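Undergrad: Provided herewith is a single structure, encoded as structure tokens, for subsequent inquiry.
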Amino acid sequence: MTSLLLSGPDRLLPYLLVSAVLFAAGILACTTRRNAVGYLMGIELMLNAAALNFVAYGRFRGLEASGHGQVFSLFVIVLAAAEAAVALALVYSVYRTFRDVDLDQTTTLGSKR
Amino acid sequence: MSALLLWILAAPLAAFLLLSLIKPRKGGDWVSLVAMTASFGLSLKVATSVLSSGLALAGPSFAWLSLPTGFGIPAFSLSLGLRLDSTGAVMLLIVTGLALCVEIFSTWYMHGDRHYSRFFSHFSFFCFAMLGIVLSDNLLMTFVFWELVGVGSYLLIGFWHEKPAVADDPFYQEMKASDATGILETKLSPSHAQLKAFVMNRVGDFGFLVGLGIFAWAALAAGLQGDILSWDNLRLAVNMGAFDRIAFAGLSGSTLLTLAGIGVFLGAMGKSAQFPLHTWLPDAMQGPTTASSIIHAATMVAAGVFLTARIHPLLTPDALLFVSWIGAITAIVAASIAMVQWDFKAVLAYSTVSQLGYMMIGLGAGAATGGYTAGLSHLFTHALFKCLLFLGAASIIHGCANHQDINRFGGLAKKMPVTALATGLAVLAICGLPFFSAFWSKDAIVASAWLAAQERSLHGSTLLAWGPWMLAVLSALLTSFYMTRLWTLTFLGKERDHHVTHHAHDPSFAAKAVLLVLSLFTLQFVWTGSVNPFGTGSWLDNALLPVGAVEHLSESVLHHAHVQTMILATILGMVGIGAALFLYRKGPVAFKIAPVWNFLANLWFIDKLWDLLWVEGLGKRGGKFVALLDLGSDSRLSTLETAPRLSPSLDGAVDGTAHFTGRLGSLLGRLQNGNALSYAGYTTLALGLLVLLLVI
């Protein structure tokens, strides 16, 4: 069964597994990386996991001729580029304020740990 | 003409507002004087037209509250409107006239006071409220202005609110050095006295509100149109038998009517200082004497009598008997206390209470016996001579460096002849000697009480029927005794305390003129237009005829009762005057039957009983109970910082709620720590939960 899914004409599962790993890696980066840039990388990973899912589903489950999956992926990529630009600007701004990009340190709300 | 009623009411209000706005540092009396003169002038014009035509004058009126049919209650309205009938016309003349006299007198008496203009401002406010009661055309508006005169009285009793309580006042302690007992022991500071007056009046006003509610209910049941609480509509409702249509908790309609009457009368008992709510009036003497003269002697305390007269057609025979008894008890209690008082104003205060009791006896005797007319006549004659007595007191107190102790006066007649003459005439009037005003009005009350007693003894217990008459006769004797004692000790004999009386002098020209004008009204001739003491059917009698059809007793029965009462009262008056003159001709004498003296000097222990019941009992004991629920306002405030966080009490519940929400807030607040990483964690957690929810 497993081998069939991995090798048959419907080879969706490997893509999903890769996507899930990518997403998990992104979450892990977001929740553990204290560096703001690492945090942003985590977000990029999650976005790419989602884009991968779009393409995979478009190829194996949707109407391939329509190309919907690919179009959505393009959107995600463009969005990710825009987001990265804004976020990096924010990080730069945070750095100018705090002289630091450590997310644990760059807080003015609540008690500092 | 009818718009003039509004101007009469508005003039003193305008004076009050103007004085309150500009707050002159000194002066300002002219604003009040101009307004009061205008009010008095217009009153003269309106009242003479009402009195000569005998027709009531309806003034402007507007619907205050109009409700359509709903909730099973028919449509009804409550209005504020003015109306002047012949009884009101006499009252109007007396209120505006006396107010003007007192204001003129006050320009002398209050001269140099730090708050000279404030006196006139508050005085104008009182006049406005008092005129509102006189001119009101319905029970609700009367209640509103009833409370407003209460405020006016409160403000003026506490006029010198900086003055300390007696115990802390060396001046009073010095006065007490002479062998004086009585009201001093219970004397309160002005700020305390004003509260006492206000609170005691609330007790009566509670009854007023209940009675007002029952009357409104009955009027609704009768399905009356227009303002349901107007005097005409209330009378109509009772005549239509509206009270037969209502019942409550096993009480029949007629019982409810009695209760409603007694309820409104309770309000009158508070305002007119009737037993057992009379204890505030003697304390109210802490106000300026000229304010006392009109508020706590002539007009405001008589408002209770006036109200009782207004609701007189609505009172059942049982309610009238109640009124009679309250009046009689008040008359005798106050008269007996007045016998042993040493403070000039205290004697006058108790005398006022006693005379108000008389008026109630008259009203309680019913309309057929002439009691209604007699009670109101006495209201008016009393207003004039009691106001005069108080202005005389003001003159004496001013002349004797604020001393009020009659034991230390004496021989003042030579030093202040005009005051002595004026107060002397007033004393003769209150004693009820022939040719003086109260001879005619007070004796009419006693005669009506006698006739009513005869009537009532046919139907019920003899003692219950005759009690009011007997107490009234006894009070007449006591009245002439204590008033003569007061006058004799003050004006006759030798100077007893040079330190007190050596500066004594008659007041200024204007004030003297006021005294002399008022003393004219102690003569019967001015009131009835006839020197014949046995004459009836004067203009005043005609003005004060009861409203609606009343079948009077036959002329011969009335005449017989009047003649025998007059003979009896004259003898009693003479005996009282003679005894007092004989006993006190040389100054204070110690004739003390200890138990009686103590009883009277302690004011029948009524003040002490009230203190024990309400202040000590309900106040302090009840306060402890309340403190169990609540931490108690005083202690709570002082220990707010140190009070235990949570205690099983009402406060504990409140504190607990605050404590709990506070803790919960700080707990949740930890989530909002400003750390982006933990926010990411929460987001992930929420995402996981969402996925879990979708999968399962």
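Undergrad: Out of (1) of a type outside the set (Phe, Trp, Tyr); (2) surrounded by fewer than 23 Cβ atoms within 10 Å (Cβ to Cβ); (3) within 21 Å of residue B:606 (Cα to Cα); (4) at pLDDT below 85, the odd one out for residue B:205 is which?
TA: (4)
Undergrad: Scan the range A:85-94 for residues that are farther than 22 Å from residue A:48 by Cβ and either within 14 Å of chain B (Cβ to nearest Cβ) or not aromatic (Phe, Trp, Tyr) (or both) and report the count.
TA: Going through the range A:85-94 one residue at a time, the tally reaches 2.
Undergrad: Now a separate question. Say we look at the range B:569-598 and pick out the residues that are among the β-branched types (Val, Ile, Thr) and under 30 Å from the mean Cα position of the chain (by Cα); which of these is nearest to residue B:432 (Cα to Cα)?
TA: Among residues in the range B:569-598 that are among the β-branched types (Val, Ile, Thr) and under 30 Å from the mean Cα position of the chain (by Cα), the one nearest to residue B:432 (Cα to Cα) is B:570.
Undergrad: Condition check: modelled with pLDDT of 70 or more, over 30 Å from residue A:103 (Cα atoms) and either away from chain A (no Cβ under 14 Å) or surrounded by 11 or more Cβ atoms within 10 Å (Cβ to Cβ) (or both). Does residue B:612 satisfy that?
TA: Values: modelled with pLDDT of 70 or more: yes; over 30 Å from residue A:103 (Cα atoms): yes; either away from chain A (no Cβ under 14 Å) or surrounded by 11 or more Cβ atoms within 10 Å (Cβ to Cβ) (or both): yes.
So residue B:612 fits the description; yes.
Undergrad: Go through B:151, B:144 for me and flag whichever is within 14 Å of the chain's Cα centre (by Cα), within 19 Å of residue B:17 (Cβ to Cβ), surrounded by fewer than 22 Cβ atoms within 10 Å (Cβ to Cβ) and modelled with pLDDT of 90 or more. Let's see the steps before the verdict.
TA: Working: B:144 fails: within 14 Å of the chain's Cα centre (by Cα).
Checking each option against the conditions leaves just B:151.
Undergrad: Same structure, new question: Are any residues in the range B:61-92 loosely packed, with under 12 Cβ neighbours inside 10 Å, under 17 Å from residue B:6 (Cα atoms) and of a type in the set (S, T, N, Q), and if so, which ones?
TA: none
Undergrad: Hey, another quick one. Given the options B:296, B:278, name the one that is assigned to a loop (DSSP other than H, G, I, E, B), at pLDDT 85 or above and out of contact with any Cys (no Cβ under 7 Å at 6 or more places or on another chain).
TA: B:278
Undergrad: State whether one or more residues within the range B:600-607 are at pLDDT below 80, out of contact with any Cys (no Cβ under 8 Å at 6 or more places or on another chain) and not in a helix (DSSP H, G or I).
TA: yes
Undergrad: Might you let me know whether the range A:61-84 holds any residue that is within 14 Å of chain B (Cβ to nearest Cβ) and within 24 Å of the chain's Cα centre (by Cα)?
TA: Scanning the range A:61-84 turns up no residue that is within 14 Å of chain B (Cβ to nearest Cβ) and within 24 Å of the chain's Cα centre (by Cα).
Undergrad: Does any residue in the range A:66-90 that is more than 21 Å from residue A:15 (Cβ to Cβ) come within less than 8 Å, Cβ to Cβ, of a residue that is of a type in the set (D, E, K, R) and surrounded by 12 or more Cβ atoms within 10 Å (Cβ to Cβ) six or more places away or on a different chain, and which pairs are these?
TA: Short answer, once both residue conditions are applied: A:84/A:44.
Undergrad: Turning to a different aspect of this structure: Residue A:105 versus (1) modelled with pLDDT under 90; (2) more than 14 Å from every other protein chain (Cβ to nearest Cβ): which is the lone unmet condition?
TA: It is condition (2) that residue A:105 fails.
Undergrad: Assess whether residue B:479 counts as being part of a helix (DSSP H, G or I), hydroxyl-bearing (Ser, Thr, Tyr) and in contact with a Pro (Cβ under 8 Å, 6 or more places away or on another chain). I'd like the intermediate steps shown before the answer.
TA: Working: part of a helix (DSSP H, G or I): yes; hydroxyl-bearing (Ser, Thr, Tyr): yes; in contact with a Pro (Cβ under 8 Å, 6 or more places away or on another chain): no.
Considered against the rule, which asks whether it is part of a helix (DSSP H, G or I), hydroxyl-bearing (Ser, Thr, Tyr) and in contact with a Pro (Cβ under 8 Å, 6 or more places away or on another chain), residue B:479 comes out as no.
Undergrad: Among (1) more than 26 Å from the chain's Cα centre (by Cα); (2) over 20 Å from residue B:232 (Cα atoms); (3) surrounded by 15 or more Cβ atoms within 10 Å (Cβ to Cβ), where does residue B:39 come up short?
TA: It is condition (1) that residue B:39 fails.
Undergrad: A follow-up question, please. Any residue that is at pLDDT 90 or above, closer than 26 Å to residue B:88 by Cα and buried (at least 19 other Cβ atoms within 10 Å of the Cβ) - is there at least one of those in the range B:155-167?
TA: Scanning the range B:155-167 turns up at least one residue that is at pLDDT 90 or above, closer than 26 Å to residue B:88 by Cα and buried (at least 19 other Cβ atoms within 10 Å of the Cβ).
Undergrad: Mind checking whether some residue in the range B:249-258 is surrounded by fewer than 17 Cβ atoms within 10 Å (Cβ to Cβ) and modelled with pLDDT of 85 or more?
TA: yes
Undergrad: Let me ask another. For residue B:340, only one of the following conditions fails: (1) at pLDDT below 90; (2) over 24 Å from residue B:198 (Cβ atoms); (3) not in a loop (DSSP other than H, G, I, E, B). What is its number?
TA: Only one criterion in (1) at pLDDT below 90; (2) over 24 Å from residue B:198 (Cβ atoms); (3) not in a loop (DSSP other than H, G, I, E, B) is unmet by residue B:340, namely (3).
Undergrad: Just for the range B:420-458: of the residues that are at pLDDT below 90 and among the hydroxyl-bearing types (Ser, Thr, Tyr), which one is surrounded by the fewest Cβ atoms within 10 Å (Cβ to Cβ)?
TA: Ranking the qualifying residues of the range B:420-458, first place goes to B:457.
Undergrad: Then there's this: Which of the residues that make up the range B:89-145 are within 22 Å of residue B:201 (Cβ to Cβ) and not in a helix (DSSP H, G or I)?
TA: Within the range B:89-145, B:136, B:138 qualify.
Undergrad: Something else: If I ask for residues that are among the aliphatic types (A, V, I, L, M), touching a residue at least 60 places away in the same chain (Cβ under 8 Å) and within 28 Å of residue B:120 (Cβ to Cβ), which ones from the range B:37-83 would you list?
TA: Going through the range B:37-83, the residues among the aliphatic types (A, V, I, L, M) turn out to be B:38, B:42, B:44, B:46-47, B:50-51, B:55-58, B:63, B:65, B:67, B:73, B:75, B:78, B:80, B:82.
From what's left, touching a residue at least 60 places away in the same chain (Cβ under 8 Å): B:51, B:58, B:63, B:73, B:78, B:80, B:82.
The answer is B:80, B:82.
The values are calculated or read from the model by the stated rules, or taken from the named source; none is laboratory data. It should be emphasised that the depicted structure is a prediction, and the values quoted were computed from it without experimental measurement. Neighbour counts are summed over all protein chains in view; Cβ atoms, including those assigned to glycine, are modelled from backbone coordinates with ideal geometry.
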